[in-house]
Structure formats: structure tokens, C-alpha cells
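Here it is: the structure, laid out below.
The values are calculated or read from the model by the stated rules, or taken from the named source; none is laboratory data. On a predicted model such as this, the values are computed, not experimentally measured, just so you know. When we count neighbours, we look across all protein chains shown, and the Cβ atoms used for this are built from the backbone with ideal geometry, even at glycine. In case anyone asks, the SASA skips ligands and DNA or RNA and just uses the protein heavy atoms, side chains included. Shrake-Rupley method; radii C 1.70, N 1.55, O 1.52, S 1.80 Å.
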Amino acid sequence: MQPKGTRLEVNLNALEHNYHYLRSKLDHGTKFISVVKANAYGHGIVEVAQKLQDLGTDYFATAYVEEAVELRNNKIVKPILVLHAQQHNLEICIDRCLEPVIYSVEMLDAFTAFAKAKNQQSYPIHIEFNTGLNRIGIDAVDLDKVLDKIKSSPEIKVRGLQSHLAASEDLDEEAFTNKQILLFEKLADRMQDELGYEILKHESNTSGILNFKSAHFSMVRSGIGLYGFGNDLKFDKHLKPIGTLISNISQIRTIEAGETVSYNRMFVAKDRTTYAVIAIGHGDGINRIYGYGKLKVQVNGHAAPTLGIICMDMLMIDITGIEASVGDEVVIFDPQVHTSRQMAEDAGTISYELLTGIQKRVKRVYLSN
């Protein structure tokens, strides 16, 4: 039987398609990091990672140690990069065989101390340099200091060098991106020459994979592309969004002209209006910005706009003139009619924010042939 209730259906076949499409852009031998942070962009970190491990991804990347531990607890054995490891849990990286990204001189000192205390030899780390995003990362002026510390610390070994492109989806910023790529290349060459061994070099995100082949180096990282979006319509047509968000009608009501719906009486009916109460709200990730008709969901093949303010656990939609019954399914977003990208852009945000905001109480259902 088809599962009922509010749910995010995750199409693992679409995930597989996206993975192979992105890998097709790479030269043979270029490694692939699957970014599964933020609960795999809202789609379920464990199930998505298990599928990607079966497909042959070379690495996983999480933002935080806790996410990586969840993967280790669920039979993910591939290398895991922790992009935003923090000093208070660096020791766990060693305990669970995680590869931390070291993005400051202070963190390099702290992790080296942990590795020494645990009698490690050549424990793999990744060094992040700031090449222009100006978020986290070691500045180029500190390269000599970093090299001196690494060369005097047998407890650690640089497995990879990384940076992050700031505007790889915007070809108007091509000159800036190329400047980032050139600086990263110089830093990588210098570090590799000084250390005397090969290191993995990775700077490209999804847009870097698709727009800047010169930034592929020996490894790339993809997040949003795996989930069906390429930050440009010309790439989106080759990718398949993997999520469909569905809920149900809990109650159908009719009000007369002058009556109001939801908090603060912000919707006032101009005519006799039939509306449905849907079992999803801002407590599930459908933010209040989608009220007042800014979101149109699909009911039996018809678009139905929201009415008034989105509640924590419910939202109301206008179904005047639409045949519907209690229990009917309502599609919030899907890959065909109204994608999460379109829904997000209608509210002035991006698909990343919408997808990662879908809360865990919305059950995930995994589909594959």
C-alpha cells in the first residue's frame, strides 16, 4: 500500500542518476566527495549515504563530527571529511577514524596535541586555505608557519588541501573565481613540494564541477547537485530533484464572505470560500513566509493557494471549485509540477534553505525500482 501521512518521498534512482551525471564531468581518476551534511540536505543522511556508498563514492563530507558519527554508527566505512570540525570534539575524529578539516593555526596545534596523546602516526588531516570566500580557512600568509608545524609533527600527515569557491555559479564573477583557482594551485604546489608527497587537492563545489574544469584538481565535492539542482537551469535539465513533499487534507470547511481564517484574522473571505486544513506547518519546515497565497500546492491536479498565516502544525489552502475529500493527498513540491527550487524562489530564498529546513518529524520514505 502507498504510505499515507505527511512525508518526504526520496527517489534513490534519481540520486543515482545525479551521481553518475556529475561524475561524467570528471576526468578518470578524479575522486568524488558526496556532501551529506544537514541530514543530506534534508533527505536523510543514513539512507542517502548508504546508497552513495553502494554507488562507489570515494568520500563523504559532513559539516560536524556528530553527523559523521551517525554515519559510522550505520555502516558507512568510506573516508569521511568533517568540514567544520571544532576543537571540543577533535578527539572523536581519531576515535571514529574521521578526517578533520584544519582551518586555523590554533586548530592545527590542538589536533596535533590530541594525535600525540593517542600515539598516532601520520593521522590524515585536510588543510583549508582561504582563497577569497572569507569564511573559514588559513590565510596564505600563514603557509610557512603551517608547513613548519606539519613537518615537525610526525603524529599527523596532510591527506588533502582544500578551499571553497565563492561564486562558481555566477559566470559574471569568472575573473574572481579564476583568481581563487590560481591562488589555490600555487598553495597546493608549494605545500606538496615542501612535504615531499602527493596530497589530494579539492576546491570545486557542484557549480565548480559544472563550470570550472580547471578547478577539478584531484578531487571534487558535490552537495546540491546530488539532490537535483545545478544552480543554473541549463544544468537543472540534466539533473533530477530527488524529493517530493506530500501531506494530506485533515478537514474541509466553508466560510461566508467576511469571515476570517487563521491567526490574527489576516485572511478575510470576499466570497463564500471552501478551504482545506493540511497537516503540515512551520514546525515541519514550511515557513510562515509561504502564507498569504505565496505558496500554491497541488490538490488532485489543481493549484491551491495558502490562506492566511501558516501555523506550526497546519496550513490552510483555498480549494473553492476543486473536488477534494478529507484524506486526499496534497503535493507541496515535486520534481515535475512545482520543484523545491521554484517554491524557494517564490519566497525569495534558495532550495538549500527549504530542503534543509524539512524537520525530522516529517518521515522519509525511500523509493527505488
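Collect residues whose amide H, placed 1.01 Å from N in the peptide plane, falls under 5 Å from the amide H of ILE138; neighbours closer than 5 in sequence don't count.
GLU128, PHE129, ASN130
If you take the charge dipole of the range 79-139 about its Cα centre, with +1 on Lys and Arg Cβ and -1 on Asp and Glu Cβ, which of TYR123, GLN86, GLY137 is farthest toward its positive end?
In the range 79-139, that residue is TYR123.
For the chain, what is the accessible area per residue in Å², given a 1.4 Å probe and the full set of protein chains?
Heavy-atom SASA per residue in the chain reads 45 Å².
Moving on to the next point. Which entries in the list LYS157/LYS237; LYS31/LYS116; LYS186/LYS237 go over 32 Å, if you measure between the two C-alpha atoms of each?
LYS157/LYS237; LYS186/LYS237
Okay, moving on. Along the charge dipole of the chain, which of GLN162, ILE278, GLN251 sits closest to the positive end, that is, farthest toward it, with unit charges on the beta carbon of Lys, Arg, Asp and Glu (+1, +1, -1, -1)?
GLN251
Would you mind working out the magnitude of the charge dipole of the range 1-144 relative to its Cα centre, with +1 at each Lys and Arg C-beta and -1 at each Asp and Glu C-beta, to the nearest 20 Debye?
So the magnitude is around 600 debye.
Still on this structure: Tell me which aspartates and glutamates have Cα within less than 17 Å of LYS270's Cα, excluding those fewer than 8 residues away on the same chain?
The reachable aspartates and glutamates, counting only those whose Cα sits under 17 Å from LYS270, are GLU256, GLU259, ASP318.
Quick one: Karplus J couplings for the range 258-268, per residue in order, coefficients 6.51, -1.76, 1.60, θ = phi - 60°, nearest Hz, x for Gly and Pro?
In residue order, the calculated couplings are x, 7, 10, 10, 6, 4, 6, 6, 7, 10, 10 Hz.
Mean residue ellipticity at 222 nm from the helices of the chain, using -39,500 (n - 2.57) per DSSP H segment of n ≥ 4 over the full residue count, to the nearest 500 deg cm²/dmol?
Computed mean residue ellipticity for the chain: -8500 deg cm²/dmol.
Each residue of the range 276-287 in order: what ³J(HN,Hα) in whole Hz does its phi give by Karplus 6.51 cos²θ - 1.76 cosθ + 1.60, θ = phi - 60°, with x for Gly and Pro?
10, 9, 10, 7, 7, x, 6, x, 9, x, 8, 5
Hey, got the dipole for the chain? About the Cα centre, +1 on K and R Cβ, -1 on D and E Cβ, debye to the nearest 20?
The dipole of the chain has a size of about 700 debye.
Sticking with the crude label model, points 7 Å out along Cα→Cβ, report the distance from CYS97 to LYS151 in nm, one decimal please.
Result for the modelled spin labels: 3.2 nm.
Next up: Work out from phi, with θ = phi - 60° and the Karplus expression 6.51 cos²θ - 1.76 cosθ + 1.60, the ³J(HN,Hα) of each residue of the range 330-342, listed in order in whole Hz, and give x for Gly and Pro.
10, 9, 7, 8, 8, x, 9, 7, 9, 6, 5, 5, 5
Tell me the Rg and the Dmax, in Å, that the Cα atoms of the chain produce.
23.7, 79
Amide H neighbours of GLY230 under 5 Å, at least 5 residues apart or on other chains, H built in the peptide plane: list them.
ASP236
Starting from the Cα gyration tensor of the range 80-217, multiply each eigenvalue by 5, take the square root, and state the resulting semi-axes largest first in whole Å.
In descending order, the three semi-axes are 27, 15, 13 Å.
Assigning unit charges at the beta carbon (Lys, Arg +1; Asp, Glu -1) and nothing else, what dipole magnitude in debye, to the nearest 20, does the range 212-276 show about its Cα centre?
Computed charge dipole of the range 212-276: roughly 280 debye.
Give the ranking of MET107, MET314 by solvent-accessible surface, highest area first, calculated with a 1.4 Å probe.
Result of the area sort, largest leading: MET314, MET107.
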